Amino acid sequence: MNDTPGWTPPGAAPSGGDGEGAPRPDGSTDRPAPHTGPASKWSKDQPPAGGWSAPGTGGQPGPPQGGAPQHPGWGTPPPPGPGWGGWQAQPQFAKPGVIPLRPLGVGEILDGTVTMMRTYWRTVLGISLTVAVVTQLTLVLVQGTLLKDLDSSALDDPGASADEIGESLVAALTGGGAALAVTLLGTIVATALLTTVTSRAVLGRPVSIREAWIDARPRLLRLLGLTLLLMLIPMLIMAVGLAPGFLIGLSGNDGLVVTVFGMLAALVVVVWLMFRLWLASPALMLEKQGIRKAMGRSMKLVRGSWWRVLGITLLAGLITNIVAFLVLIPFTIVAAIAGGDVDSGLLTTTGASWTFLIVTGIGSVIASTLTFPVSAGVTVLLYIDQRIRREGLDLELARAADTTTPATDHRPPGS
């Protein structure tokens, strides 16, 4: 924890110091006191079978002969505790909020997210629903007015001319770009606010929408910059990977093989780097870091746990996509029937009727309201879990929560 910038959840005192006030065991094992029975001298004869006391019972004699059956030479068993074979006390972990303060399993991360949504449903629902309504309302207005005259139907016409295909491609990219920009802004705002709510939920502290906004607002521009940078980096890597094959093709040679291998190599690098930087967003929000330092923090936290971060993230993404699919498909079918035939997709719609846009917008609001908290909550809890595993963040959280349950340093040696 010496090199850790610190955990600064909203409302918590800054971490630091030498750990005063954090109850943590010193690791020593108490040995039972030696036999202190009244007899200080042993006779040559062995004592009778009921007279032996159990270890750790302070030398109290066992039941007299003729009482309840006992094992020969033993009284009552020792109380549970360390140092006695077969008698091991279960460790107790503080749980001031939605998760126990120890390394988490996959199920506990998902359960903590659901518990956060259920416990603070007013705040979570208020944030998700508000952002989703504003986002979809803006998207519907943009598509129904500015993009209404754009036509991308030539992309599906085999007999279309090159000019028509070019115009349709521009229309599709314009519609998709507008939808992506609006959705991206909404996602950033929801992520920032829900990150604050989740950080408070770990400490068992509620937060209002207004408090979440006040805490997250100073970081929104940096979060936007980080998000755009994380979108730009994969594009640059793919461009570098495709460049050799493209140059070979310009020289008149067949560069297909080089292009394919370059694309595959770039894709591997993109996937690896994307998940190494997956925790940059919560690091930026919770540690009050800049963009570059937040990316460096994510690289450090994910090191050695890349496959785990990949698996948990893909699982959460699968869950959110299934939920969004189940919600959107019925609304899309109803919209297509009510609004007539349109050239449409889930993210971009050009030339669509108002009926289609409104119905699909309602479906998108419901889907986003359900998926925003899951995506943000899993990412934040995964970040906290990695810091607990690598930096003992549970001790700082226990101090911040002012819990009376001792927090145990259970990190593996050398972590």
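Read the figures in this text as sums done on the coordinates, not as results from a lab. Predicted model, so just to flag it, every value in this text is computed and none were measured. Cβ placement follows ideal geometry from the backbone for every residue including glycine, while neighbour counts extend to all protein chains displayed.
Using packing as a proxy for protection, rank 356-369, 117-130, 383-396 so that the peptide with the highest average count of other Cβ atoms within 10 Å comes first.
Descending packing order for the listed peptides: 383-396, 356-369, 117-130.
Can you tell me how much longer the chain between Ala338 and Trp354 gets when fully stretched, taken as 0.36 nm per residue apart minus their C-alpha distance, in nm with one decimal?
Between Ala338 and Trp354, full extension yields an extra 4.7 nm.
Where the only charges are on Cβ atoms (+1 Lys, Arg; -1 Asp, Glu), what is the dipole of the stretch 166-311 about its Cα centre, to the nearest 20 debye?
For this selection, approximately 920 debye.
Among 232-242, 180-190, what's the highest-first ranking by average C-beta atoms within 10 angstrom per residue?
Descending mean neighbour count gives 180-190, 232-242.
Taking the Cβ of Trp278 as the centre, find all other residues whose Cβ is under 13 Å away and add up their charges (Lys, Arg: +1; Asp, Glu: -1).
+4
How would you classify the stretch 206-363 from its alpha-carbon gyration tensor, with a ≥ b ≥ c the square roots of the eigenvalues: rounded for a/c under 1.5, else prolate if a/b is greater than b/c, otherwise oblate?
oblate
Could you sort 267-273, 97-103 so that the peptide with the highest average Cβ count within 10 Å comes first and the rest follow in order?
In descending order of packing, they fall as 97-103, 267-273.
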